[in-house]
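Inspection log for the structure reproduced underneath, given as structure tokens.
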């Protein structure tokens, strides 16, 4: 950021590159300079205006600069400096972009250590070249004269290797709307440029996008030399609301936009589409080695139409969040496209709402082949709302209609998007591709989104050579010549054949799903299936109307014929093969099509066994041999989910749909310190409706940050409403952890999640040091109806995972859980070797050391590891939005209740306890195991973060000797704009008495990031200073009770000298108190000293 200009003027002479001192960096990819630097040309000065006119016909012309005042143009008074005395000869040529500047990277790889783990930062060798071009005759890119447009080119090549050259090997060309740093061509598809009536800058201009490493344009670009007087935020809101194109519009806008002419009589022109296609052509001209058959567009916007409208140039499309023009949500673009009732036309004469509807376009031009399209419907950073983000956006109807049109593509959907991506594949323009539909092992989009929150139509299928499988086999047999030759021969057999008289294509069920940044679509576990196949963009194989063709399904690995039949082209001259058998064999099944006339009859080998080799990551393929009858049955009725067999079934984690890396015994070892690193997903088939119990044997070693592992089980998927409470995995030997649920017969999604260390890592150091978490397996058992309500199936103990304070009689809370997942009243027996524990679970006089406690009820026993130390220290590092067992909230307020949680994501103070209700409350949080404590003290750090919407002024504090909400001592620290005070209150049977009060208390302390236990990673960051956290505030509070004396300190000062005396409350719980939002951390509780 230090080398980038805050604001730059235009460069209009791009010959600067020929004389620049580092010009070799622009022409020779092997002569790169070291480091990161900026190359830029001569800019126009601030007092020089610029008007660019595109010549439409050759000749000699006069030009003048006139003045316009209150709408009247002065064409009479033309000073010599504002007009030409002689005409200027002009000629017509194609406009070209002008290079403005180049951001150059040549950074070698380096090794870093973060969160206790060493990692490699790869080398970066790339350039971002920023160009500007102008237009405005209303026919191509905009309807206003002298309009500047900017886009970015990145020379081709792989990062860390030699960059641009004449030969570009298998380079995927992209126009991308979001990640400027990785796109060979980055087109600004969110940019509506300035005009006469609205001279404001773009929000998304390429050289000020954060993703492109440039500053925010609204701060530095405006329609005058001096900055507008409006506040930054006001200007930002104005520009965002007034000028930002919707991501659902990648087409353009009407030609009366901002002209004052009647918009109802306008024509909607593809200004945006034309710009993007032209920018792509400029890239191809700049780098002649580009393969024009391998041009692809990708981005988080409605780029499907761009590819469909320009299918002669664009080979493939990868998009996300496509909204068809037929959807209600598309009405939001009326400002640019006209209202739907106006029915504005495109230059071809069709309605804009039809032209941008892929289904209408398919029906209108049924024989026109599209690019191969991979698209994902997933609202970015939003939710699976059934109306706003599903039906109003055209789903699931849009996907169902695409299937009816038999178009080739991968149609994905996922319930919550985090940077959604279609993850498209390159299918060159000069290659045929299949359209898969009616696949019996793919999900079907539901009218109620959350009933089928993620899935695909046809996305699980692959075709052509299986490169990863072949490479793995070649590595295995590199020293075994006969086997290696067989593998190479299989690779040849998988090649697509497209000749005038014969077409062949190997088809298989792939190992892929749709891997996204957050929620993802897992691969299917189906090993067999059936699908219909339509063939698009055939090259040499010509389909003749009315002719009959014979098709054959042949096993690639063995040559065995599995199916055969005849087909004829439909009214679109499209060949469709019905009910084609597919499986997960690494080499696939070969579809062979020839003209039926003169073709020899091929018999299906029904008497021979069918051999299928399923790929495995590290081991040899798993070979399965089936009778032909069994193979057909498997394909007709594939197994899509793991089957729960009654009364109980145990699954290895390696059998999950998305297991991640697993150990040889099928268990899973988590290491943590990642982003969504702890997910293991699966789907099982429940045989009958009823109550079930899921048991997970687990063990863990906590790390230096002591905040992990916490495991959450979402039974029923992301939108389940069952038991979502996390379990703290605190046993170092394998121990069972149980969840209870009720399920209907049929499929059931299960997600196991350890939380997001990614967010915590920025604040807590050494999170990855010394911690492990082993998940052995998963057992699902049916709970008999007659015992579900009365029998104890689990005993939950609290507190867990913390040291208990010595000398204080702490209670171990034991909750017997029945088969309904509810607490039941049955006797619990306790034993604890080395410590005295009574029948109620009270450790009467705990002494320092480590112990093992056993709780038993109804024939069930559960163990708990206990440590006793000088003090109980609670860092609130659990995350996951929950609290450690033992904390219990109570509210005094008449209306609102406090919200106490440890947030699972965000960017500040995550390793703290938040009371986050936005309105004033009167809420306390008690430590229930300390309900019989007498002489004790509690200390806490109280953080105020204005960035987290915590008010600087407010009331917070501590409580002690609390029997309940109506009987306790309470310290309130009251911060107001007029001053601060502290009050000690006794609440007895609901009546309150002020025991002590002081107006002489210290002000807030600055957040001590270099020494505070809650900010250990910040302490190591040299860029973090006191200035970084100037909006953060700290109160360090302490409240103690010994005998009949209650003492309090605020920020080190004894605020009630000598203490306040009162003997009405002798025992009770310590706790926290909040009226206004804040964060608590570093809580310590111990015997009073």
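Screening residue 910 with (1) touching a strand residue (DSSP E or B) at 6+ places or on another chain (Cβ under 9 Å); (2) under 28 Å from residue 712 (Cα atoms) gives one miss only, at (1).
Of all residues in the stretch 603-638, those satisfying the criterion of being loosely packed, with under 14 Cβ neighbours inside 10 Å, touching a strand residue (DSSP E or B) at 6+ places or on another chain (Cβ under 8 Å) and touching a residue at least 24 places away in the same chain (Cβ under 8 Å) are 603, 636. Summed over the stretch 310-322, residues that are out of contact with any strand residue (DSSP E or B) (no Cβ under 9 Å at 6 or more places or on another chain) and crowded, with 24+ Cβ neighbours inside 10 Å total 0. Hey, can you tell me all the residues within the stretch 81-100 that are assigned to a loop (DSSP other than H, G, I, E, B) and exposed (fewer than 10 other Cβ atoms within 10 Å of the Cβ)? Residues satisfying the conditions are 85, 86, 91, 93, 94. Return yes or no: is residue 445 buried (at least 21 other Cβ atoms within 10 Å of the Cβ), at pLDDT 85 or above and in contact with a helix residue (DSSP H, G or I) (Cβ under 9 Å, 6 or more places away or on another chain)? Yes: the conditions hold for residue 445. Of everything listed in (1) surrounded by fewer than 20 Cβ atoms within 10 Å (Cβ to Cβ); (2) at pLDDT 95 or above; (3) closer than 26 Å to residue 711 by Cβ, the single unmet condition for residue 855 is (1). Per the listing 811, 884, the residue uniquely surrounded by 13 or more Cβ atoms within 10 Å (Cβ to Cβ) and touching a helix residue (DSSP H, G or I) at 6+ places or on another chain (Cβ under 8 Å) is 811.
Of all residues in the stretch 939-953, those satisfying the criterion of being surrounded by 17 or more Cβ atoms within 10 Å (Cβ to Cβ) and out of contact with any helix residue (DSSP H, G or I) (no Cβ under 9 Å at 6 or more places or on another chain) are 939, 940, 942, 944, 948, 950. Kindly indicate the residue of the stretch 661-671 that is closer than 15 Å to residue 711 by Cα and in contact with a strand residue (DSSP E or B) (Cβ under 6 Å, 6 or more places away or on another chain) and also modelled with the lowest pLDDT among those meeting that condition. So the residue we want is 670. What residue, among those in the stretch 735-766 that are at pLDDT below 70, assigned to a loop (DSSP other than H, G, I, E, B) and out of contact with any strand residue (DSSP E or B) (no Cβ under 9 Å at 6 or more places or on another chain), is nearest to residue 817 (Cα to Cα)? Filtering first and then ranking leaves 756.
Going by what's in this entry, would residue 305 be described as assigned to a helix (DSSP H, G or I) and in contact (Cβ under 8 Å) with a residue 40 or more places away in the chain? Taking the combined requirement at face value, the residue satisfies it. So residue 843 clears everything in (1) surrounded by 20 or more Cβ atoms within 10 Å (Cβ to Cβ); (2) under 30 Å from residue 1018 (Cβ atoms) except one condition, right? Which one? Only one criterion in (1) surrounded by 20 or more Cβ atoms within 10 Å (Cβ to Cβ); (2) under 30 Å from residue 1018 (Cβ atoms) is unmet by residue 843, namely (2).
Only a single criterion out of (1) modelled with pLDDT of 95 or more; (2) surrounded by 16 or more Cβ atoms within 10 Å (Cβ to Cβ); (3) under 41 Å from the mean Cα position of the chain (by Cα) is not satisfied by residue 642, namely (1).
Only one of the listed residues (1065, 1037, 995, 984) is surrounded by 15 or more Cβ atoms within 10 Å (Cβ to Cβ), in a loop (DSSP other than H, G, I, E, B), in contact with a strand residue (DSSP E or B) (Cβ under 9 Å, 6 or more places away or on another chain) and not assigned by TED's automatic domain parsing to the domain that holds residue 765. That residue is 1065.
Before we move on, is residue 513 in contact (Cβ under 8 Å) with a residue 24 or more places away in the chain and within 30 Å of residue 377 (Cα to Cα)? Answer is yes for this residue.
The single residue among 297, 323, 284 that is over 18 Å from residue 269 (Cα atoms), in a helix (DSSP H, G or I), at pLDDT below 95 and not assigned by TED's automatic domain parsing to the domain that holds residue 415 turns out to be 284. Here the stretch 691-709 is the region considered, the condition is being farther than 19 Å from residue 652 by Cβ and surrounded by fewer than 18 Cβ atoms within 10 Å (Cβ to Cβ), and the residue that is modelled with the highest pLDDT is 701. Looking at the stretch 793-881, the strands (runs of 3 or more DSSP E) lying wholly inside it that each contain 2 or more residues that are more than 41 Å from the chain's Cα centre (by Cα) and more than 23 Å from residue 939 (Cα to Cα) sit at 829-832, 849-857, 860-869. Looking only at residues in the stretch 672-690 that are outside any strand (DSSP E or B) and at pLDDT 70 or above, the one that is farthest from residue 646 (Cα to Cα) is 679. Put simply, of 1001, 1024 the only residue that is in contact (Cβ under 8 Å) with a residue 12 or more places away in the chain, closer than 30 Å to residue 967 by Cβ and in the same structural domain as residue 967 (by TED's automatic domain parsing) is 1001. Against the numbered list (1) at pLDDT below 85; (2) in a strand (DSSP E or B), residue 48 comes up short only at (2). Selection of strands (runs of 3 or more DSSP E) fully inside the stretch 595-657 by the criterion of at least 3 residues being farther than 19 Å from residue 508 by Cα returns 648-652. Taking the stretch 777-802 as the range and being modelled with pLDDT of 90 or more and either in contact with a helix residue (DSSP H, G or I) (Cβ under 8 Å, 6 or more places away or on another chain) or at positive phi (or both) as the test, the residues that pass are 777, 778, 798, 799.
Filtering the stretch 1042-1053 for residues that are touching a residue at least 40 places away in the same chain (Cβ under 8 Å), in the same structural domain as residue 891 (by TED's automatic domain parsing), surrounded by 20 or more Cβ atoms within 10 Å (Cβ to Cβ) and closer than 27 Å to residue 763 by Cα leaves a non-empty set.
The values are calculated or read from the model by the stated rules, or taken from the named source; none is laboratory data. Every value quoted in this text rests on a predicted model; they were computed, and no experiment measured them. Please note: Cβ atoms are built from the backbone with ideal geometry, for glycine as well, and neighbour counts cover all protein chains shown.
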